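The values are calculated or read from the model by the stated rules, or taken from the named source; none is laboratory data. What you see is a predicted model, and the numbers here were worked out from it, not measured in a lab. Neighbour counts are summed over all protein chains in view; Cβ atoms, including those assigned to glycine, are modelled from backbone coordinates with ideal geometry. Each accessible area value is taken on the protein alone, full model and side chains, heavy atoms only, with ligands, DNA and RNA left out. Shrake-Rupley method; radii C 1.70, N 1.55, O 1.52, S 1.80 Å.
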Amino acid sequence: MKLLKTIPDAPESNAGDDFHVMWTIKKSFELLNLEVEGLQAITVEGVSLNDRQNINPYGDKLLGVDIAEYFGGADFIAARRVTISQLKYSTRRSDENWTIGKIIKGKKKGSFDGSIVHRLSTIYKAHLDKFEGAWF
């Protein structure tokens, strides 16, 4: 019998992708609203095309966006409110809670770079730099 090679983290990664899709589908039902100020657009793994081109065409400052929800408009300028989320799901550690220590832990020991908080603050700063005074 031939042994099949597997990618060690593939099941966990796939479960995370599935979680993102299911979360987005659930949120998408809110698009059926008839309210002008209601949810108008959802993006997965990034921001709207207009926002990406205007804020950060290369995408290095928007890496932490798993889902962006646009209320009252389809991009940052038109929207009344934008909710940016980074979703976390784990099949290995489903019984563990996310703590402050975990969300500030960076990719390298002793660093905050690449942490959830670092990525979200980078997203916020990119918007602030581009649209200073728009509605912050």
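In the range 26-58, which residue that is open to solvent by less than 80 Å² (accessible area, probe 1.4 Å) and among the aliphatic types (A, V, I, L, M) is farthest from Lys130 (Cα to Cα)?
Leu31
Count, please, the residues in the range 59-80 that happen to be surrounded by 14 or more Cβ atoms within 10 Å (Cβ to Cβ), of a type outside the set (A, V, I, L, M, F, W, C) and over 15 Å from Trp23 (Cα atoms).
6
Show the residue pairs meeting these rules: Cβ distance below 6 Å; 6+ apart or different chains; first residue within the range 102-123 and acidic (Asp, Glu); second residue surrounded by 13 or more Cβ atoms within 10 Å (Cβ to Cβ).
Asp113/Gly106
Check Tyr89 against each of (1) crowded, with 17+ Cβ neighbours inside 10 Å; (2) of a type in the set (Ser, Thr, Tyr); (3) at pLDDT below 85 and name the one condition it does not meet.
(1)
Test Ala134 against the stated conditions and say whether it is open to solvent by less than 70 Å² (accessible area, probe 1.4 Å), assigned to a loop (DSSP other than H, G, I, E, B) and either hydroxyl-bearing (Ser, Thr, Tyr) or at pLDDT 85 or above (or both).
Working: open to solvent by less than 70 Å² (accessible area, probe 1.4 Å): yes; assigned to a loop (DSSP other than H, G, I, E, B): yes; either hydroxyl-bearing (Ser, Thr, Tyr) or at pLDDT 85 or above (or both): no.
Spelling it out, it is not the case that Ala134 is open to solvent by less than 70 Å² (accessible area, probe 1.4 Å), assigned to a loop (DSSP other than H, G, I, E, B) and either hydroxyl-bearing (Ser, Thr, Tyr) or at pLDDT 85 or above (or both).
Determine which member of the set Thr99, Thr83 is in contact with a strand residue (DSSP E or B) (Cβ under 6 Å, 6 or more places away or on another chain) and surrounded by fewer than 15 Cβ atoms within 10 Å (Cβ to Cβ).
Working: Thr99 fails: in contact with a strand residue (DSSP E or B) (Cβ under 6 Å, 6 or more places away or on another chain).
Step by step, each of Thr99, Thr83 is checked, and only Thr83 is in contact with a strand residue (DSSP E or B) (Cβ under 6 Å, 6 or more places away or on another chain) and surrounded by fewer than 15 Cβ atoms within 10 Å (Cβ to Cβ).
Please verify whether the range 121-131 includes one or more residues that are open to solvent by 40 Å² or more (accessible area, probe 1.4 Å), aliphatic (A, V, I, L, M), touching a strand residue (DSSP E or B) at 6+ places or on another chain (Cβ under 8 Å) and under 23 Å from Leu39 (Cβ atoms).
No, the range 121-131 has no match at all.
Being modelled with pLDDT of 85 or more, of a type outside the set (A, V, I, L, M) and over 14 Å from the mean Cα position of the chain (by Cα) is the requirement here; does Gly101 meet it?
Values: modelled with pLDDT of 85 or more: yes; of a type outside the set (A, V, I, L, M): yes; over 14 Å from the mean Cα position of the chain (by Cα): yes.
In short, yes.
Among (1) modelled with pLDDT under 85; (2) farther than 25 Å from Val21 by Cβ, where does Ser94 come up short?
(2)
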